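A short reminder: the numbers here are calculations on the coordinates, not readings from a lab. Remember, it's a predicted structure, so these values are computed and weren't measured experimentally. Here the Cβ positions follow ideal geometry from the backbone for every residue, glycine too, while neighbour counts run over all protein chains shown.
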Amino acid sequence: MRVVLFIGFAATALAGCEAMQSMWGGGVKATANLQPTKGSTVRGTVNFEQRGDKVRVAADVSGLRPNGEFGFHVHELGDCSSGDGMSAKGHFNPFGKPHGSPGGAERHAGDLPSLKSDASGTARLTVEVDTISVGSGPANIVGRGLIVHVQPDDFKTQPTGNAGARSACGVIQRLS
């Protein structure tokens with residue numbers, strides 16, 4: 001009888017811990033390993049973690065032009081086979097919104113804040129985004145492409161933000 005009660009208590013405690021972990025971080029995670037497109041040196045790692053109704057995005061990207069700004073977007077397809085990143089297609093836009101700035105009300109789900117490099121050509125970005133999800137729903141980014149562009153995003157030119165060619169491409173893969 002004690003073993004049964006202990007097992008029941010342990011299961012209840014574990015369920016409570018999982019609920020708290022989901023609520024306070026520790027949600028579903030994904031990652032993308034950015035590889036340079038042809039002629040580029042840009043590479044890096046971007047991690048995604050579902051945290052309630054937002055996704056924490058943590059990027060570490062190197063090989064960028066020093067002291068520059070670069071468009072950064074989730075794209076429709078997780079396909080980097082073309083060598084120039086074009087096989088990833090356009091920005092991920094499951095809700096049919098216009099391209100816009102990450103803080104604006106109207107924007108593609110895949111519109112992320114720009115990367116800004118330091119004097120050594122490295123960019124680090126940590127931000128919470130409310131337009132994407134990891135692992136479920138229409139805004140699920142797992143299996144999609146992640147692109148770093150060679151120019152800054154102007155956040156107004158439709159549908160691309162005039163961010164130019166693609167310097168790195170990665171496929172977003174679920175971790176947990």
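Brief remarks on what is shown
- Computed from the Cβ-Cβ distance with R0 of 25 Å, the FRET efficiency linking Lys116 to Arg174 stands at 0.35.
- Charge dipole magnitude, Cβ of K and R +1, D and E -1 - the range 27-174, Cα centre, debye nearest 20: 220
- For the range 27-174, the residue among Val134, Ala105, His91 whose Cα projects farthest onto the positive side of the dipole built from Cβ charges is Val134.
- The residues Val171, Val148, Val46, Val142, when put in order of fewest to most other Cβ atoms within 10 Å, stand as Val142, Val171, Val46, Val148.
- FRET E, pair Ser81, Ala165, Förster distance 22 Å, beta-carbon r, rounded to 0.05: 0.85
- Lysine pairs with alpha-carbon atoms under 20 Å apart, the range 27-174, spacing 8 or more or separate chains: 7
- Residue ranges 96-105, 114-123 sort as 114-123, 96-105 when ordered by packing (mean number of other C-beta atoms within 10 Å per residue, highest first).
- The range 21-165, relative contact order in percent, only Cα pairs under 8 angstrom and at least six apart counted: 26
- Net charge over other residues, Cβ less than 11 angstrom from the Cβ of Thr37 (K, R count +1; D, E count -1): +2
- Cα-based convex hull, the range 27-174, per residue volume (Å³, whole number): 86
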